[in-house]
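Input: a single structure, listed below in structure tokens.
The values are calculated or read from the model by the stated rules, or taken from the named source; none is laboratory data. What you see is a predicted model, and the numbers here were worked out from it, not measured in a lab. Cβ placement follows ideal geometry from the backbone for every residue including glycine, while neighbour counts extend to all protein chains displayed. Each accessible area value is taken on the protein alone, full model and side chains, heavy atoms only, with ligands, DNA and RNA left out. Shrake-Rupley method; radii C 1.70, N 1.55, O 1.52, S 1.80 Å.
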Amino acid sequence: MERHITIRSGDMELAATLHHPYVENGDDRACRYPLIVICHGFAGDRIGPDRLFVKAARAFSNAGYLVLRFDYGGCGESTGDYGATGLTSMIEQTRHVIDYALDIDWVDPERVIALGHHLGGAVALLTAARDKRIRTLVLWSPVAHPFNDIVKATGKTVYEQCVSQGSADYRGYVFKRSFFESLSEYHPFQDIRKFSGDVLLVHGTSDEVVPVDYSFLYQKVFWLRSEGQCEKEIILQADHTFSSGESARQAVAKTIEWLQYFSSKKKEWHGWSI
């Protein structure tokens, strides 16, 4: 079951889609489902490139997860001005989406998962470092250096125009200087130790937008924590957006397999202590 909703975040109305697992008898009042919140990438939307997030959300829902995918302010069908916001605003918006989700009776507050792609991966990590309600992270092709990676995506000319003129056009978005300034204020690697939950990294070997080396480096830094597991899945010949049917299928399937594996392990470990 899919339902379109609107979530308030400050002055913005965020367009979102809620995917509910299929219930055979039609009565789920006694059920509590794990929640996956999908954070889209730079200048993207909740549909995703090649409908990646639609396909992923439906697969996750079929696997028993409640899924909430949404458009950041100024993207997709949401109100707001994307180019005038920045990472601080995106973190706040993500937290407001979690606020909304946790008001749903069937959400298990102990199983909140943030899945982020590209810049959304950095946003998911930065949010998790500040919001202990997020227990698990799934990072697909995540940026590691927000300022450098986004300037690379837009081209240096767009950034230089923002600095000299105060704003610049990129793919129909008007980016303000403040947007790029916000990117330079955040450093995901420095926030890794603030998150103690489990992490899955998924990356393609043919990613020409975000180097696959980022996920290897991310895993090394996550391993330095005193708590939490971190695993990575490298998909051969997959590009940045897992655009082929097979690479998208693998990204989704490997994510579901990993989530279910750690969920079962935690049930086995429950009540044990060393």
Please go through region 85-97 and give me each residue that is part of a helix (DSSP H, G or I), out of contact with any Leu (no Cβ under 8 Å at 6 or more places or on another chain) and of a type in the set (Val, Ile, Thr), ordered by number. Thr88, Thr94
Take Arg58 and decide whether it is over 23 Å from Asp131 (Cβ atoms) and not aliphatic (A, V, I, L, M). yes
One residue is enough: does region 76-93 have a residue meeting the conditions acidic (Asp, Glu) and open to solvent by less than 30 Å² (accessible area, probe 1.4 Å)? no
Would you check if there is a residue in region 94-103 being of a type in the set (Lys, Arg), within 30 Å of Val151 (Cα to Cα) and open to solvent by 30 Å² or more (accessible area, probe 1.4 Å)? yes
Going through region 32-51 in order, the residues found to be open to solvent by 10 Å² or more (accessible area, probe 1.4 Å) and not in a loop (DSSP other than H, G, I, E, B) are Tyr33, Pro34, Pro49, Asp50, Arg51
Do any residues in region 239-254 that are in contact (Cβ under 8 Å) with a residue 24 or more places away in the chain have Cβ atoms under 6 Å from those of residues that are open to solvent by 20 Å² or more (accessible area, probe 1.4 Å), where the two are at least six apart or on different chains, and which pairs are they? Asp239/Ser206; His240/Val209; Thr241/Pro49; Ser243/Asp50; Val252/Ala59; Lys254/Glu233
Please determine, by comparing only the residues of region 104-147 that are open to solvent by less than 60 Å² (accessible area, probe 1.4 Å), in a loop (DSSP other than H, G, I, E, B) and modelled with pLDDT of 95 or more, which one is farthest from Phe175 (Cα to Cα). Ile134
Among the residues of region 133-152, write down those that are of a type in the set (A, V, I, L, M) and over 29 Å from Leu259 (Cβ atoms). Val151
